[in-house]
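The values are calculated or read from the model by the stated rules, or taken from the named source; none is laboratory data. Only a predicted model underlies this, so the values are computations on that prediction, with no experimental measurement involved. Here the Cβ positions follow ideal geometry from the backbone for every residue, glycine too, while neighbour counts run over all protein chains shown. For the accessible areas, the whole protein counts, side chains as well, though only heavy atoms, and no ligand, DNA or RNA atoms are used. Shrake-Rupley method; radii C 1.70, N 1.55, O 1.52, S 1.80 Å.
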Amino acid sequence: MRAIVPGDLNSIELYQTRRDRRLLLVLLLVPVLLSLATVWALDHTRANKSLFSITNFVGPTTRSLLTGGGITVCTEEMGTRGNPICFHAARMPATAVVVASGIRLLGDRYIPVVCFKTILLLLPVEFALYLAWCCLPQPPGRRALTILLLLVPFLIPAFLADVTNLQVDEGFSYSFLALGAAILFFGQPGRRTVGTASLHGTHRALLFAAALDGLYLSKSGMQLAVLVLLAGFLALEKQTSLRWLVLLLVAAAPLGWALHQHHASGRYSLGTSFDGINLHKGNNAGFLRNYPPPHGDSLDWYDFELNRGVSFPDEWSFNDYHLRSAFEYLRTHPQETLSGDARKLKILFFSLEKYGSTASLGGRRLIEIAGMLAFRLIFWIATASSIFLLLRHRPPADRWLRVEAATFLALVAASTLPFLIGFAYTRHVSILIYPSALFCCRLLCEPERD
């Protein structure tokens, strides 16, 4: 056998580097191509639709933002027939800002703006994928499984719906949640990397803070998730200066939003003036009759029943009335509340059916069920592994893995608790698809022990 000379070693290393770069390029391109194909498959029939007509008040708030009116919509559509209310504080800003930016750049053209949003919000996910790729395990089986886990979410319709959706907050929050989780699992110093430097220092802190601010500003229900991710970062980060930097930058988003809310609507608030009715919608006398909604339907039609016989002078009286009504129901109907919680838990953690959006039939429905089955499998493997890591006596090779496992479990609880308290649709849990896949990848990167 011919002995290996230094020149041969250099050639092998060069070949491996080129192979790794080609693999990375494929990993980054496949999600973009699958997502844009989904845009065409789902939205090509809306090519002539105006973006200002998008539901969930995305269209009207975008128009208001572009005309200098802030994130404002005056409407009776929240179930207040004959009592129009001007909402200045009803939506978090990320949705309207992104859609308005797309219109500024590309005009009121539905497909180009959806593509713009899809690619823009994929960038944090692509960086999350890159961080996981930098820590690919060497054993071929583990390596192949890690790559598969990074790509499988882009074959799950529930996840692709978030990636391409303009009208729901999850279409924006999923992206920042994935990046925040990836920085915790793969971006810490000391991680073994393949051909690249790991994410270090100030860059890591700034990127993590930006992810958490984006997550908060995309959906008010993500406040607990932001706190969990922040706690995980503070526990893992060794440099005190970076802890303070992240803490201050993350705190800037709710502080700035509260100041904006006071200026726009007259009240300091960390959430929105829709939080009250969202809570009431999941806690009222008719909830058990109407939930879960039939496939293809939602609970929005019930808003009129919740407002029957009541009028409101402004958005905060509307919000406060629904908060009081929901808390009163929770106080006086504990048994019904528990029954409702059981149904919500089933949809959040076990159901293979899609709830809260358009119904699918035939082959498309079977594909959606298969996708949900894949998600449930990944999610429960990640969850069970986290519990095992926390309960076993033998510590993992990486002493920080238990912190990451605890953070993942807390993130699951924090991301779903607002919807367990309110009402749950499939899309409310779909944002956990990529964090679950990332945590499974993190486990595969854990070195084997003798």
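First measure r as the distance between the Cβ atoms of Leu155 and Leu345, then evaluate 1/(1 + (r/R0)^6) with R0 = 41 Å and state the FRET efficiency to the nearest 0.05. Walk me through the intermediate numbers first.
Working: r = 26 Å, r/R0 = 0.64.
In this case the efficiency is close to 0.95.
Counting heavy atoms of the protein chains only and a 1.4 Å probe, report the per residue accessible area for region 26-103 as a whole number of Å². Walk me through the numbers before you get to the answer.
Working: 3400 Å² over 78 residues.
Ligands and nucleic acids excluded, the result is 44 Å² per residue.
Roughly how many nanometres apart are two label points built 7 Å out from the Cα toward the Cβ at Leu23 and Asn48?
Label-label distance for Leu23 and Asn48, simple model: 4.9 nm.
Relative to the first principal axis of the alpha-carbon coordinates of the chain, what is the inclination of helix 94-106, with its axis defined by its Cα atoms, in degrees from 0 to 90 and to the nearest 10?
Roughly 80 degrees between the two axes.
Normalising by the residue count of the chain, find the relative contact order in percent from Cα pairs under 8 Å and 6+ residues apart. Let's see the in-between values first.
Numbers: 624 pairs, mean separation 87.1, N = 450.
19 percent.
Give the accessible surface of region 235-283 per residue, rounded to a whole number of Å², with probe radius 1.4 Å and ligands, DNA and RNA excluded.
On the way: 2360 Å² over 49 residues.
The answer is 48 Å² per residue.
Once fully extended, how much extra length lies between Ser311 and Arg402, figured as 0.36 nm per residue of separation less the alpha-carbon to alpha-carbon distance? Numbers along the way, then the final one.
Working: separation 91, 0.36 × 91 = 32.76 nm, distance 5.17 nm.
Between Ser311 and Arg402, full extension yields an extra 27.6 nm.
Which option, (1) 24, 59, 16, 0; (2) 21, 47, 30, 2; (3) 23, 56, 18, 2, 0, is the value of P(r) over Cα pairs in 20 Å bins from 0, in percent that was calculated from these coordinates?
Here the calculated entry is (3).
Give the aspartates and glutamates reachable from Lys117 as a straight Cα distance under 12 Å; neighbours fewer than 8 places away on the same chain don't count.
Asp162
Rounded, prolate or oblate: which one fits region 307-399, using the alpha carbon gyration tensor with axes a ≥ b ≥ c (rounded when a/c is under 1.5, else prolate when a/b beats b/c, else oblate)?
Numbers: a/c = 2.76, a/b = 1.51, b/c = 1.82.
Oblate shape, in that a/c is at least 1.5 and b/c is the bigger or equal ratio.
If you roll a 1.4 angstrom probe over the protein chains with everything in place, what fraction of the accessible area of the chain belongs to carbon and sulfur, to the nearest %? Walk me through the intermediate numbers first.
Values: 13120 of 20340 Å².
That fraction is 64 percent.
Multiply the residue separation of Trp301 and Leu148 by 0.36 nm, subtract the distance between their alpha-carbon atoms, and state the gained length in nm to one decimal.
Values: separation 153, 0.36 × 153 = 55.08 nm, distance 4.07 nm.
Additional length available on full extension: 51.0 nm.
If all Cα-Cα distances of region 292-348 are sorted into 10 Å bins from 0 onward, what percent lands in each bin, rounded to whole numbers?
P(r) over region 292-348, rounded to whole percents: 18, 40, 35, 7.
Roughly how tilted is helix 362-391, in degrees to the nearest 10 and between 0 and 90, from the longest Cα axis of the chain?
The helix 362-391 is inclined about 70 degrees to the chain.
Taking a probe of 1.4 Å, how large is the accessible area per residue of region 326-396, in Å²? Could you put the intermediate results ahead of the total?
Working: 4250 Å² over 71 residues.
Accessible surface, normalised per residue, equals 60 Å².
If you fit an axis through the alpha-carbon atoms of helix 223-236 and take the longest principal axis of the Cα set of the chain, what angle between them do you get, 0 to 90°, nearest 10?
30 degrees
In what sequence, largest accessible area first, do Trp133, Trp380 appear using a 1.4 Å probe? Spell out each step's value before the answer.
On the way: Trp133 10, Trp380 100 Å².
Heavy-atom accessible area, descending, gives Trp380, Trp133.
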